[in-house]
Amino acid sequence: MHPPYPPFAAIEKAMEAIIAIMRNKNIPLKVEFVTTSEEWDDLLGVWIFYETQADVTKYEIDGTTEFIKLAFVNELAVSKSRFSFSELPKTNFVLDSRENVDKNFKGSYFLRMR
C-alpha cells in the first residue's frame, strides 16, 4: 500500500524546482516546509522567504506569489507516481522575508518558524 502523502524527498524536490524557476527569473528566495506534527498528517506548511518586506508586497501584487504556490502544488502532483503516494496534502503558505528574519529573529529561520 502506498503512503497517502508525499514523502519528504518529494517535497524537497518541489522546493528545489521552485527555487530554480525563480532563480531563472532573478528572484532570490528561500523555501522551507514543516508538517503540523511529528507524525505525518495531511497539513503541510510552506514558508516562502523573499529578500525584503517590500518584495513580499510586490510579489503578492504582481502574481509571483500565486505562481509559486501553484507551481509548488503542481510539482508535487506530477511526482505522485514517481514517489508512490496517493494524495496531495492541504498546503498552507506563509510569506516572509530574509530582512524580517535578520531584524527580528537574529537571522534564524528556525526561530521564525517556531
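Among the numbered criteria (1) under 19 Å from residue 44 (Cα atoms); (2) in contact with a helix residue (DSSP H, G or I) (Cβ under 6 Å, 6 or more places away or on another chain), which one does residue 99 miss?
It is condition (1) that residue 99 fails.
Restricting attention to region 63-100, report how many residues are more than 25 Å from residue 51 (Cα to Cα) and free of Cβ contacts under 8 Å to residues at least 12 places away in the same chain.
3
In region 76-114, which residues are under 19 Å from residue 59 (Cβ atoms), hydrophobic (A, V, I, L, M, F, W, C) and not in a helix (DSSP H, G or I)?
Once the filter is applied, which keeps residues that are under 19 Å from residue 59 (Cβ atoms), hydrophobic (A, V, I, L, M, F, W, C) and not in a helix (DSSP H, G or I), region 76-114 yields 93, 94, 95.
Given (1) among the hydroxyl-bearing types (Ser, Thr, Tyr); (2) part of a helix (DSSP H, G or I); (3) more than 17 Å from residue 15 (Cα to Cα), where does residue 65 come up short, assuming only one miss?
Of (1) among the hydroxyl-bearing types (Ser, Thr, Tyr); (2) part of a helix (DSSP H, G or I); (3) more than 17 Å from residue 15 (Cα to Cα), only one is false for residue 65: (3).
When you go through 58, 13 one by one, which is the residue that is out of contact with any Pro (no Cβ under 7 Å at 6 or more places or on another chain) and modelled with pLDDT of 95 or more?
Exactly one residue qualifies, and that residue is 58.
Can you tell me which condition residue 53 does not meet? The list is (1) closer than 26 Å to residue 108 by Cβ; (2) loosely packed, with under 13 Cβ neighbours inside 10 Å; (3) of a type outside the set (D, E, K, R); (4) at pLDDT 95 or above, and all the others hold.
(2)
Can you say whether residue 92 is surrounded by 15 or more Cβ atoms within 10 Å (Cβ to Cβ) and under 18 Å from residue 113 (Cα atoms), as far as the supplied structure shows?
So residue 92 fails the test.
The values are calculated or read from the model by the stated rules, or taken from the named source; none is laboratory data. Every value quoted in this text rests on a predicted model; they were computed, and no experiment measured them. Using ideal geometry, Cβ is built from the backbone for each residue, glycine included, and neighbour counts are taken over all protein chains shown.
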